[in-house]
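Have a look at the structure below, then the notes.
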Ligand code: SF4
């Protein structure tokens, strides 16, 4: 019988089968940031095992609170920095060269099809967009990953989301993934790999695939995953050209990873997105998803464009297209955080930063910032934020605050209106094609 | 092996997430002990007051998808430093569940029907659970009410508990 892509990756990485369906797998990359790694480092030091399994396979960034906001976050950075130095970890991205981990590491070419990746961060599932098995883990799994280069998982069961249909203008991968989570629920993919397949996904660029995979965890998924194809190849080619005779050879090896036609799935969900309208959330759970139309007119205090879900250049371009020539409502404040220094520079060169500033946005350095309510835009009690992030939990952006998740287009339009609304990119399209 | 018996805190809600268990603003702490005062600070349940309701509890009984959301191991640590090493639920989020066993703590899934019975018989009363780990038996007691419920966990999870967690286990084996 055929295998899914996740099964193929597991079979190629198996180290041990301690009991039942538990597989201990070899890791190709271990990613680290300053929030969950210092405790693992401290524990390794305490155990007299301050070593790493392979310094070239460990990639490190300070991203969640950057630059440090207080003595405690400064100490987290210091622990990480000194550890990277003494263990010869070359790929350490300090303040100035740092960006949101799940945007920065793909941009550096650190994720490849067929890889196994862990990180002490639940949105590690993002990297599955490249055809990798990438899972968020806790600090203890991370600690063992750093020390031994292995991690234990259940042998993967997969839920396949088959997506077909051409998206309406003004409707994006973010609207699709919100719709999917709304359909299957926050528990809908629990303990399973979420494979995104079908023509709509095949036509998506890497940024959109990352947006899809990024939110697999909001449905409880272990990893998101897409089949590696020509789009993946084009993105990665600058990083892999020396290892491959030519593109055709590389593509063939990518395609051999894709799930076999007779692979068996735990569940298959088919959705048609041809008529999908822009989506947002209501309340404190990411599966409480409604059309933007239904929330139209709800006033917001803050708009946030950024994060590992939607802080890439493609996202900033869309938001800027909506904002161009407009200013934000006097009732809101708006913040944009380009996810990496490279994205920031691109946005500068393309004139997007100007558009954001003229519209009245605060432009911050690349960081997670407001997304997790630790710095750079924490909400006050009772405030409401329209955000392009991935999690609307109670208190996420600040105690007593509420978040409505949405696409960058919707967020930009909401900033202008001062209340939740669809962007013209969507409504213009509607009036053109009745 | 840690203690898996004691007074129960009943949390009758699905999808209690890690931001509720321990808010992100406390993730700057570099020791587990520092998390102790903040456990369940943002729990979205009416009439729940952590200061009152957590006092003297060593176990949690709750509903489905407990621990969903972030990967933060601070969530089980915040439980651990409050003396809570056992959570019984209909289901857990994968990362949270793994984090529990990685720390040598016990996370046990139980059928909805059993949980319904436990909630209807015991919630609101002072209830204790006595855990026979090797035998795989929970005994719930409140006053003269008693209910015995068998449980099972995988061989791997059992070994993690015996080893005291994943670091010690992996260090010996790999
Ligand atoms: S941007 Fe938000 S969701 Fe993404 S890694 Fe940072 S804190 Fe986590």
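Across segment A:254-307, Cα-Cα pairs farther apart than 16 Å form 68% of the total.
Counting other beta carbons within 10 Å of each Cβ, put A:290, A:180, A:336 in order, fewest first.
Fewest-to-most Cβ neighbours within 10 Å comes out as A:290, A:180, A:336.
Here the simple spin-label model places points 7 Å from the Cα toward Cβ, and for residue B:168 and residue A:56 these points are separated by 3.6 nm.
I need A:101, B:103 ordered by Cβ neighbour count within 10 Å, fewest first.
Numbers: A:101 29, B:103 24.
Ascending Cβ contact count within 10 Å gives the list B:103, A:101.
Ranked for footprinting exposure by Cβ neighbours inside 10 Å, fewest first, A:389, B:127 give B:127, A:389. Simple spin-label estimate for residue A:383 and residue A:330 gives 2.0 nm between the two label positions (7 Å along the Cα-to-Cβ direction from each Cα). Taking every DSSP helix (H) stretch of at least 4 residues in chain A, weighting each as -39,500 (n - 2.57) and dividing the sum by the residue count yields a mean residue ellipticity at 222 nm of -10000 deg cm²/dmol.
Taking beta carbons within 10 Å but only from partner chains, what does the mean come to for residues B:84-96? Don't skip to the end; give the middle numbers.
Numbers: counts 0, 0, 0, 0, 0, 0, 1, 4, 3, 7, 14, 12, 2.
Across B:84-96, the average partner-chain Cβ count within 10 Å equals 3.
Apply 1/(1 + (r/R0)^6) to the Cβ-Cβ distance of residue B:112 and residue B:159, taking R0 = 35 Å, and write down the FRET efficiency to the nearest 0.05.
For residue B:112 and residue B:159, the calculated efficiency is 0.80.
How big is the Rg/Rh ratio for segment A:30-97, C-alpha atoms only, Rh by Kirkwood, two decimals? Value, to two decimals: 0.94.
Once you treat every alpha carbon in segment A:154-244 as an equal point and sum by Debye, what is log10 I(q)/I(0) at q = 0.13 Å⁻¹? Debye curve over Cα of segment A:154-244, log10 I(q)/I(0) at q = 0.13 Å⁻¹: -0.45. Available extension along the chain between residue A:97 and residue A:253 is 52.9 nm, counting 0.36 nm per residue and deducting the alpha carbon span.
If you take each beta carbon of peptide B:11-17 and count the beta carbons of other chains within 10 angstrom, what is the mean? Kindly include the intermediate steps, with their values, before the conclusion.
On the way: counts 0, 0, 0, 4, 9, 0, 9.
Taking the mean over all residues of the peptide, I get 3.
Each part gets one Cα centre, and for segment B:90-165 versus segment A:166-237 those centres are 35 Å apart.
Using 0.36 nm per residue and subtracting the Cα-Cα separation, the extra length available between residue A:245 and residue A:277 on full extension is 7.1 nm. The slack in the chain from residue A:88 to residue A:290, taken as 0.36 nm per residue of separation less the alpha-carbon distance, amounts to 67.9 nm.
So what's segment A:278-406 giving for Rg/Rh, alpha carbon basis, Kirkwood Rh from the mean inverse pair distance?
On the way: Rg = 13.8 Å, Rh = 14.6 Å.
That ratio is 0.95, to two decimals.
What is the calculated FRET efficiency for residue A:26 to residue B:46, with r their C-beta to C-beta distance and R₀ = 35 Å, to the nearest 0.05? Here the calculated transfer efficiency is 0.15. Among beta bridges identified by DSSP and lying wholly in chain A, the antiparallel ones come to about 20 percent.
Distance between the 7 Å Cα→Cβ label points at residue B:132 and residue A:270: 5.2 nm. Counting only Cα atoms, the protein assembly as shown measures 72, 57, 51 Å along its principal axes, largest extent leading.
Which residues does the label zone of residue A:45 cover in segment A:55-98, counting backbone N under 13 Å from a point 7 Å along Cα→Cβ? Taking a point 7 Å out along Cα→Cβ of residue A:45, the residues of segment A:55-98 whose backbone N falls under 13 Å are A:75-87. Look at the alpha carbon pairs under 8 Å that are at least 6 residues apart: their mean separation over the length of chain A gives a relative contact order of 17 percent. Mean per-residue shielding of peptide A:281-290 is 2, counting Cβ atoms of other chains within 10 Å of each Cβ. The share of Cα pairs per 10 Å bin across segment A:58-173, counted from zero up to the longest distance, runs 11, 37, 32, 14, 6, 0 percent.
Using the Kirkwood formula over every pair of different C-alpha atoms, what hydrodynamic radius in Å results for chain B? Each step should come with its number before you reach the end.
Values: mean 1/r = 0.0614 Å⁻¹.
Every distinct Cα pair counted, the radius reaches 16.3 Å.
Centre-to-centre separation between the Cα atoms of segment B:1-19 and those of segment A:3-17: 34 Å.
Every number here is computed from the coordinates shown, using simple stated rules; none is lab data. Only a predicted model underlies this, so the values are computations on that prediction, with no experimental measurement involved. Quick reminder, even Gly has a Cβ in these numbers, built from the backbone with ideal geometry, and neighbours come from all protein chains shown.
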